[in-house]
Ligand SMILES: NC(=O)c1ccc[n+]([C@@H]2O[C@H](COP(=O)([O-])OP(=O)(O)OC[C@H]3O[C@@H](n4cnc5c(N)ncnc54)[C@H](O)[C@@H]3O)[C@@H](O)[C@H]2O)c1
């Protein structure tokens, strides 16, 4: 049920964090992977690492906010692999600081009256606009094949309000969640299943890798009933499930991977 051997996988934001973990599990499971990222400096070592492990991988430097870049990356992947079966629309950035600091004090930089409107636009364009553009770029390929999977990375911030996460991020991820449901409804006719992975906090390089610091992790660990926050490896199981025949009757769904954080705090 979890067999994805030979499946052709297209992953945006694949050079780091969650996208790289998805690339690892899909490669381990025998997929053929196109790693798409705007950062050539991190894409190269990620590619080398997967190649050294014996994976069938290729890289595309592309900005997922650019439809031109995405169409070029999709065309190159189709040309190399003969098609695309599974798409992870994952690229995203931090939304800046929340309105509270880790110690519970107010953070002026996160106050709504201080938010830079240009930064707001950049977060929405990167986190929501790139998911739209990725789906737009791959839809013709998947429709032609009469089937495929699209898995977007949203966040528990799509439905929860936040204290330590920036307001534009929360708004962008709410858009991603609804876009995934809308696309699922539209594309079902072509046997294209669209689902979301919604992580709570994960230790990655997002926001300058701030969650690598114990002090920044502390409020999130306290707020999650499991009292830990995720590592990228914690995302792999859901990624493989949503990419594989095991989830063939699931579309428009969201899998929370948050240690129970969205339930509220516990002892
Ligand atoms: N880390 C968390 O706590 C967390 C929680 C929930 C959701 N997410 C989401 O997971 C996704 C991946 O984030 P991560 O935490 O792995 O961060 P990360 O910074 O470790 O990796 C993100 C990757 O995306 C790439 N990227 C950024 N903008 C891009 C663009 N315009 N075009 C192409 N590539 C781009 C970066 O170069 C980087 O390699 C994001 O959508 C993020 O919002 C992260």
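List of remarks:
- Sites residue 49 and residue 28, calculated FRET efficiency, Cβ-Cβ separation with R0 22 Å, nearest 0.05: 0.95
- Residues residue 233 and residue 100, FRET efficiency given R0 of 51 Å [Cβ-Cβ distance, rounded to 0.05]: 0.95
- Peptides 21-34, 103-116 ordered by packing proxy, namely the average of other Cβ atoms within 10 Å per residue, highest first: 21-34, 103-116.
- Likely footprinting exposure, 157, 247, fewest C-beta neighbours within 10 Å first: 247, 157
- Entry for region 141-267 at q = 0.10, 0.15 Å⁻¹: log10 I(q)/I(0) = -0.35, -0.73, Debye formula applied to identical alpha-carbon scatterers, no solvent contribution.
- Volume per residue that the Cα convex hull of region 8-257 spans, once the total is divided by residue count, Å³: 118 Å³
- Folded to 0 to 90 degrees: helix 40-52 orientation relative to the chain principal axis, Cα: 60 degrees
- Tilt relative to the chain, helix 214-223 - C-alpha long axis, 0 to 90 degrees, to 10: 90 degrees
- Take the Cα of residue 189, go 7 Å toward its beta carbon, and the backbone nitrogen atoms of region 240-267 under 19 Å from that spot belong to 251-252.
- Cα-based Rg of region 97-173 normalised by 2.2 N^0.38 Å, two decimals: 1.43
- Helix 130-145 axis, angle to the chain major axis (alpha carbon atoms, nearest 10°): 20 degrees
Read-outs: derived from the displayed coordinates by stated rules, not from any lab. Note that this is a predicted model, so its numbers are computed, not measured. Cβ sites come from the backbone with ideal geometry, for glycine too, and all protein chains shown count toward neighbours.
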